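Report on the structure given below.
The values are calculated or read from the model by the stated rules, or taken from the named source; none is laboratory data. Bear in mind that the values here come from a model prediction, so they are computed numbers and not experimental data. Cβ placement follows ideal geometry from the backbone for every residue including glycine, while neighbour counts extend to all protein chains displayed. Ligands, DNA and RNA are excluded from the accessible area calculation, which covers all protein heavy atoms including side chains. Shrake-Rupley method; radii C 1.70, N 1.55, O 1.52, S 1.80 Å.
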Amino acid sequence: RQHSKPYLILLNGMLLPWAMQRGKWKKRITMWAGAHEMLKHGILQFGSRDEQIAAEKLGYTNRGVIIPNGISPEEYENLPPVGSLRAAHPRLRDDPYVLFLGRLHEQKGIDLLLAAFQIVMRTHPSARLVIAGPDYGRSTEIQSRTLAAGIQDRLLMIGPIFGPEKRAALRDAV
């Protein structure tokens, strides 16, 4: 900024309401120490419209661009055979399943997914919920909530998956 050079700031969700509440005092000190001015004058890169709206609510109406996370099409050219994930997890049988693929974090809306899955179960009682991703302290809560809802036998938590196993999970999801 001192040399009048434009700069881009990749926010990665740091201005979303849930993020602003975590370490609230540290964030206030950081903002006071110069982050606010940096954010106010930079070009902001948002991952979604929600992130842009959150920044605007905090007063950051400067130039910005929405660039969502992408994928590499080449990664999906040679897919594993149909049924690969089911073979690795026989408990799935041929039941249709809803797949959650991501880190188990409050930001990801797993609570909404569990509520929506209960609705799905009304018309598709054989459906299963497969949750794949690294645990960020939510797995115990998820298991407790499915137990309370009486759908624990429909839940399969398989931990983080990558590469061919991730593609197999996407391919087999119905």
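Data table
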item: Residue ID - surrounded by the most Cβ atoms within 10 Å (Cβ to Cβ), chosen from residues in the stretch 96-127 that are within 14 Å of the chain's Cα centre (by Cα) and farther than 14 Å from residue 142 by Cβ; result: 99
item: Which listed residue is within 22 Å of residue 106 (Cβ to Cβ) and outside any loop (DSSP other than H, G, I, E, B), from 40, 26; result: 26
item: Any chance residue 148 is out of contact with any Asp or Glu (no Cβ under 7 Å at 6 or more places or on another chain) and either among the aliphatic types (A, V, I, L, M) or surrounded by 18 or more Cβ atoms within 10 Å (Cβ to Cβ) (or both); result: yes
item: Any hit, the stretch 83-90, residues being in contact with a strand residue (DSSP E or B) (Cβ under 7 Å, 6 or more places away or on another chain) and not aliphatic (A, V, I, L, M); result: yes
item: Those residues of the stretch 64-104 which are of a type in the set (Val, Ile, Thr), modelled with pLDDT of 90 or more and in a loop (DSSP other than H, G, I, E, B), in sequence order; result: 67, 82
item: The stretch 151-174, residues that are part of a loop (DSSP other than H, G, I, E, B), within 18 Å of residue 96 (Cβ to Cβ), in contact (Cβ under 8 Å) with a residue 40 or more places away in the chain and open to solvent by less than 80 Å² (accessible area, probe 1.4 Å); result: 158, 173
item: Any hit, the stretch 72-81, residues being within 30 Å of residue 143 (Cβ to Cβ), open to solvent by less than 40 Å² (accessible area, probe 1.4 Å) and in contact (Cβ under 8 Å) with a residue 24 or more places away in the chain; result: yes
item: Matching residues in the stretch 105-139 - criterion: being more than 24 Å from residue 86 (Cα to Cα) and either in a helix (DSSP H, G or I) or in contact with a Lys or Arg (Cβ under 6 Å, 6 or more places away or on another chain) (or both); result: 106, 107, 108, 111, 112, 115, 136
item: The stretch 90-114: number of residues that are in contact (Cβ under 8 Å) with a residue 40 or more places away in the chain and of a type in the set (Asp, Glu); result: 1
item: Of the criteria (1) touching a residue at least 12 places away in the same chain (Cβ under 8 Å); (2) in a helix (DSSP H, G or I); (3) open to solvent by less than 80 Å² (accessible area, probe 1.4 Å); (4) not polar (S, T, N, Q), which one residue 15 fails; result: (2)
item: Criterion: of a type in the set (A, V, I, L, M), more than 25 Å from residue 166 (Cβ to Cβ) and over 20 Å from the mean Cα position of the chain (by Cα) - qualifying residue of 11, 44; result: 44
item: Subset of the stretch 31-65 (residues that are of a type in the set (S, T, N, Q) and either at positive phi or open to solvent by 80 Å² or more (accessible area, probe 1.4 Å) (or both)); result: 61
